[in-house]
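Here is the structure we will look at, set down as structure tokens.
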Amino acid sequence: MATWRVATRSCHYPFRTAPPALRKLYSTPSKLSGSPTSFTAGIVKSSLHDADALVKRLGELSRTMNIPGWGDDKGHDAAIVLATPGLTRLIENEAFAAQLASFLSPKEHRSHFHLVSAIIDHIPSVSRRPLADDEGISVLRGPSDLILPHLGNQAPSSRGAKERDAVGALTFRLSDTSSITVPLAQTIFQNGKPSTLRTARFDVSGNAPRLAESHETLGQHVNIPLPPSGDGRQEPHLWLPLIPLTQPRVVTESFGNILRRLEVDGSSVPASSELEAAVDNIYKKMRKELPTDAEVPPFGVWAVVNPTPGQSAAVRNWQVEDLENADSRTGLAQAIRNGGRTFRLLSGGGGWGSKAGLLSLDPETSPFPASEEEEMFNLLGRGGESDFVPVGSEVQFFCSELRSPGAQQQKSGNDLSRHRLVFGVFGDASGLGSDGPAADDITITPNHFGAVSNLAIYVSGGEASPSKVSVPGSQLGIP
């Protein structure tokens, strides 16, 4: 598979199954043959005004960058092009799309070429340099029956009244049971549309590509088949920049996404009791470290729920890293491997009587609106028991990164260059935005593909429950 990403300096399918179990994510061999290819490239803003020169330069670089599999393009009749918002008008330009189709299509035995183009928030950076205000594209190319097997079966979205303001999403299927869904960027200020996702088919049999058909849609499935686990591949790496606030506590009472009571020192107490004290301590500590006229920066709070405390279920055999990198103390890694999920805290605390100390967790498990049936299931769960924080599970509270970007990058030691697929959530200290070129007009990173959302990514598959990953700076890298 060849993938590429271009970074420039400026600079419908709800999938509601569960987060990927790593064993399944790697052990399901693809039933299709073919070898997709990819790369990422970076472009300075001054190069964006000339579409002809941009495509020509990409072609020159692709021939000299030794992109794995790029020259062996037989049967590569499809590509997925992910672009950042600053490139919206260029991506929507039919002439530019035709040039991309010509550039990406096989050099011999050409007939038709399928091009899926989408506007996403950011492309991932390979290094962990401080972020710049970058633009870019990330491209995956391969046989259409391998990477886009459902392209002909997906009806274009009519954007009915209910969906007129909906933002679309791309679902990347890694196996028969595992996927990652990434919401598209909001492009209302670029082209007046909530989001931008277009499928097109070009006739490339003649001297110049000709647009045969084009459709706008809200969702698209993209297959990225992974080799079997016996091929010496490393495990996926989940990076969650979180700081523990409390110890893991057993849930004694909950309802739907509402956490009511926890067991602390042998007693059942309101869920927010220990957390409120921990947050107060964080504010006091930060207040002492800041100048008197400075505001304490806001930070989010997340609950990490371990469905099988005290066990090693190994639902996901992931490498999991947090800011403290102290798995034995926080229990974060084991919770995630057991099929645990992260939930952002929406509201709660205070109150009195039966409503004292209630905590509301983010119930969203898909970027698309839930149906009435799904909302009812989220509320009642299985047999009336919460599917989010069931009684008997363990919950631990964390807050997002409070340090400077440099401190986080040094602490994490996370090297994106060894991951050919990277999906994540943007954050000021994430290192997930594109680097942008230093001196050259365009820089290319071979064998690299991915997408970064401003909001969240949704991981599903295997035996675990659906999971929304929304921690700023979080990242799922797949070698």
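Listed values, structure above:
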{"item": "Highest to lowest packing among 214-225, 110-121, scored as the average C-beta count within 10 Å", "result": "110-121, 214-225"}
{"item": "Burial ranking of peptide ranges 76-87, 255-266, 336-347, 200-211 (average Cβ count within 10 Å, highest at the top)", "result": "76-87, 336-347, 255-266, 200-211"}
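Just so you know, all these numbers are worked out from the coordinates, no wet-lab data involved. Since we're looking at a predicted model, the values are computed, not measured. So basically every Cβ, Gly included, is an ideal-geometry build from the backbone, and we count neighbours across all protein chains shown.
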